[in-house]
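The values are calculated or read from the model by the stated rules, or taken from the named source; none is laboratory data. The shown structure was predicted, so the numbers you read here are calculated from the model rather than taken from an experiment. Ideal geometry is used to build each Cβ from the backbone, glycine not excepted, and the neighbour counts take in all protein chains shown. Just so you know, the surface numbers come from the protein's heavy atoms only, side chains and all, with ligands and any DNA or RNA stripped out. Shrake-Rupley method; radii C 1.70, N 1.55, O 1.52, S 1.80 Å.
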Amino acid sequence: LESDAKNAISNIVITKKFPNDEDYNTIVNLICLFKVRHPATRQMFNNAREQAIHKIGDILVSDEKLFNHHFQKMKEENKKIKDSISFKKFKSFVEERKYKIKILPEDNLQHEMKWFENMLTLLGERTWSLIIAPSSGPEFICSDNPVILRRKSNQEGPVGLGTKETFIFFPLSPYLGFYGTFENPLEEVVHAK
């Protein structure tokens, strides 16, 4: 993908035209890859997974019959479980969060592939434009988090790739950037002032 993206971006830099279908697809895939593989995105998803695990534990210890049912089921499935674990001890263990959740890199990779597919669908639903900065400056800059997702207004609250009234900006070069939105799209090529 990175090699194809280099060629796609080079084509746009040379022509200063909106990319053909193949180059467009490559760039949207690159945007998705940067977004899904960024440490902040990974941490956000891992936090959500940790919260889900805590909730499952809370539900499991909310009722002793429920706990005993699942405990027995795990023993029948030959899970390595000590018979000495009591409901009371396990309830305390869960409610007092006497455990740490460790998500392994290989587990993240598996989930990132699923996230990638979902994110790519959302990126594909946006209408994209090529923005060309004036040759006299200022230039676009790139950071360690090149996929910029922002609200169009000053409205507060969380923002996701599927959030309406947002835009994405992704610099391709100091003078070219890709801009995607759901509503009120810009022209295919915009010469910025």
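Note the listed values (1) 16.1, 47; (2) 23.5, 74; (3) 17.0, 49, then indicate which one is Rg and Dmax of the Cα atoms in Å calculated from this particular structure. Identified label for the calculated read-out: (2). Kindly express, to the nearest 10 degrees and within the range 0 to 90, the angle between helix 64-76's C-alpha long axis and the longest C-alpha principal axis of the chain. Helix 64-76 sits at roughly 90 degrees to that axis. Overall shape of the range 125-174 was characterised from the C-alpha gyration tensor. The equivalent ellipsoid obtained from it has semi-axes of 23, 12, 11 Å, in decreasing order. With the whole protein complex present, Met74 retains an accessible surface near 80 Å², based on a 1.4 Å probe. Legend: residue pairs Lys65/Lys100; Lys89/Lys114; Lys35/Lys100; Lys114/Lys164; Lys73/Lys100, Cα-Cα distance threshold 31 Å; pairs beyond threshold, Lys89/Lys114.
Using only side-chain charges placed at the Cβ, +1 for Lys and Arg and -1 for Asp and Glu, the dipole size of the range 52-178 relative to its Cα centre rounds to 600 debye. Annotation: aspartates and glutamates with alpha-carbon distance below 20 angstrom to Lys102 (same-chain offsets under eight excluded): Glu50, Asp58, Glu112. Restriction of the chymotrypsin sites (Phe, Trp or Tyr not before Pro) in the range 70-144 to DSSP coil positions whose beta-carbon has at most 15 other beta-carbons within 10 angstrom yields Tyr99. Helix 2-15 and the longest principal axis of the C-alpha atoms of the chain enclose an angle of approximately 30°. Computed over the chain with a Gaussian network model linking Cα atoms closer than 10 Å, the most mobile of Gly162, Gly180, Gly57 is Gly57. Taking all protein chains together and a 1.4 Å probe, the residues Ser136, Ser153 rank Ser136, Ser153 from largest to smallest accessible area. Sites listed here are GluC sites (Glu not before Pro) in the range 1-63 whose DSSP assignment is loop and whose Cβ has at most 15 other Cβ atoms within 10 Å, and the list is empty. The loop-placed trypsin sites (Lys or Arg not before Pro) in the range 47-142, going by DSSP, that have at most 12 neighbouring Cβ atoms within 10 Å of their Cβ come out as Lys79, Lys80, Lys82, Arg97, Lys98, Lys100, Lys102.
Put +1 on the Cβ of every Lys and Arg and -1 on every Asp and Glu Cβ in the chain; which of Ile81, Leu1, Phe34 then has its Cα farthest towards the positive end of the dipole? Checked the options; the winner is Ile81. Beyond 25 Å, the tail of the calculated P(r) for the range 89-193 holds 42 percent of the Cα pairs. Each distinct pair of alpha carbons in the range 89-132 adds a 1/r term; the inverse of their mean, the Kirkwood radius, is 14.3 Å. Translational diffusion coefficient of the range 59-150 (Stokes-Einstein, Kirkwood radius from Cα pairs, 20 °C, 1.002 mPa s): 113 µm²/s. Panel note: the C-alpha atoms of the range 20-83, placed on their principal axes, show extents of 62, 22, 18 Å (largest first). Altogether, the Stokes-Einstein calculation at 37 °C and 0.692 mPa s, with the Kirkwood radius of the range 1-54 over Cα pairs as Rh, returns a diffusion coefficient of 256 µm²/s.
Adding -39500 (n - 2.57) for every DSSP H run of four residues or longer, then dividing by how many residues the chain holds, sets the calculated 222 nm ellipticity at -16500 deg cm²/dmol.
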